[in-house]
Amino acid sequence: MINRRNFNKLLVGSVALSMTACTGLTSVSTLPKGKNRVVVVGGGFGGATAAKYLKRFSPDAEVVLIEKNTEYYTCPFSNTVIGGLNKIDYIKHDYKTLASKYGIKVIHATVKKVDGKNKTVVLENGETIAYTKAVVSPGIDFKYEKGYVEGSEMYAPHAYKAGPQTELLTKQLQGMKDGGTYVMVAPANPFRCPPGPYERISLVANYIKNNKPNSKIIILDQKNKFSKQGLFQEGWEKLYPGLIEWRSAEFGGKVEKIDPKNLVVTTEEEDIKADVINYIPNQKAGKLAFESGLVEGDWCPINTKTFESRLVKDVYVIGDACIAASMPKSGFSANSQAKIAALQISRKLKKLSVINPPKLANTCYSLVGPGYGISVAAVYEAKEDKVHKVPGSGGLSPSNADNSIRLQEAEYAVGWYQNQMEDVFR
């Protein structure tokens, strides 16, 4: 039985058990004698990659990675957990190899802010860590609006930060009656992983088709088009005909309010009673970015050649929180940006000129069903403080491809994930 008390136990307990008391930090409260120190805040795709490659590029520098949790659950492939194809442990990773193999100082603590004026990272307990350079990978936070407030996640989970939310949405789907209605509210641009909601719907549809065939799915989209739309809809028609109803913002999808407790979503046209609501809120940079003065509007402006903040000197912002359009906010993008930031920081520490212009990349695989994959890829170049897609680079899966192509891409998706995890955490 999931109620507020049990949900909070699950959420807080998973964090509390994975926290280590951050004491005895006198060794890092001041800079090491005769050494540079780079402090990386956030241990996701961006932060963990940055720490690893900083140590590779500058082995003599001290690299400190601060992440509050001892375990990290990836959003990529979390949809396979919700859809019943994998267990939660499949997307769980830790930081032990980064510490033992690369000599990175891993500290499990909550960061209150990065103080650019004093060049320190301030922990929640008041202790400080001095830095020569800092890398911040704060991820996303959510906009609470239209009746969706803090705490609504226990009734209408977003599952857009993987872990307890992933497990909760999985349980809600499994507990939904046959003949029930699964409603997803998809966010407005920009948001983390543009194809993510539609891959999720695909794998939810696969679960429903096999386990609750009298049910239906409604997507209420806050925009009029979405990433890889033609390929997704082609797959839905082939694999799940009549099961998924997508409503664009222009034609019935725009949400006016939500009642999470009573599972009702109100659009411009009607009240929709759901059995499960997967509400993915509109998004902004993580709270740490705001606390550290790194934000203009909702996101963090950067020098795209180095990923150094335009607002705070010697602080670099990577991943979903930064403004790196036309790159999507994806795990692969964060991984690519982290390597560029690590390289440019390393060169600056060595008094060398930065690489100009740096090349970046993104590859994104999506599973429409078991054995049915689609993908998009692109190469980017940072010029004049803007990221441009290199003409003719990358590509999109062909439409109307035969089953062998879709199967091959599904296999590539698994290989992509395994290789990414090796690159980030091993």
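The values are calculated or read from the model by the stated rules, or taken from the named source; none is laboratory data. None of the values given here were measured: they were computed from a predicted structure. Neighbour counts run over all protein chains shown; Cβ positions are idealised from the backbone, glycine included.
Structure summary
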| item | result |
| --- | --- |
| Count of segment 120-147 residues which are of a type outside the set (Asp, Glu), surrounded by fewer than 21 Cβ atoms within 10 Å (Cβ to Cβ) and in a loop (DSSP other than H, G, I, E, B) | 7 |
| Filter pass, Asn303 being at pLDDT 95 or above, surrounded by fewer than 24 Cβ atoms within 10 Å (Cβ to Cβ) and within 15 Å of the chain's Cα centre (by Cα) | no |
| Residues satisfying the stated conditions in segment 89-104, i.e. surrounded by fewer than 13 Cβ atoms within 10 Å (Cβ to Cβ) and assigned to a loop (DSSP other than H, G, I, E, B) | Gly103 |
| Residue within segment 46-53 that is among the charged types (D, E, K, R), surrounded by fewer than 21 Cβ atoms within 10 Å (Cβ to Cβ) and in contact (Cβ under 8 Å) with a residue 12 or more places away in the chain present | no |
| Flag if Thr128 is outside the structural domain of Ser346 (by TED's automatic domain parsing) and polar (S, T, N, Q) | no |
| Condition broken by Val387, with the remaining ones in (1) hydrophobic (A, V, I, L, M, F, W, C); (2) surrounded by 15 or more Cβ atoms within 10 Å (Cβ to Cβ); (3) under 25 Å from Tyr198 (Cα atoms) satisfied | (3) |
| Failed criterion for Asp259 (all others in (1) in contact with a helix residue (DSSP H, G or I) (Cβ under 9 Å, 6 or more places away or on another chain); (2) at pLDDT 95 or above; (3) of a type outside the set (S, T, N, Q); (4) not assigned by TED's automatic domain parsing to the domain that holds Val41 hold) | (1) |
| Flag if Ala109 is touching a strand residue (DSSP E or B) at 6+ places or on another chain (Cβ under 6 Å), surrounded by 18 or more Cβ atoms within 10 Å (Cβ to Cβ) and more than 30 Å from Lys351 (Cβ to Cβ) | yes |
| Qualifying residue in segment 158-169 (condition: under 26 Å from Phe425 (Cα atoms), acidic (Asp, Glu) and not assigned by TED's automatic domain parsing to the domain that holds Gly196) | no |
| Filter result (acidic (Asp, Glu) and in a loop (DSSP other than H, G, I, E, B)) within segment 293-320 | Asp298, Asp314 |
| Some residue of segment 168-182 being modelled with pLDDT of 95 or more, within 25 Å of Ser333 (Cα to Cα) and not acidic (Asp, Glu) | no |
| Within segment 175-292, helices (runs of 4 or more DSSP H) holding 3 or more residues that are surrounded by 18 or more Cβ atoms within 10 Å (Cβ to Cβ) | 196-211, 229-239 |
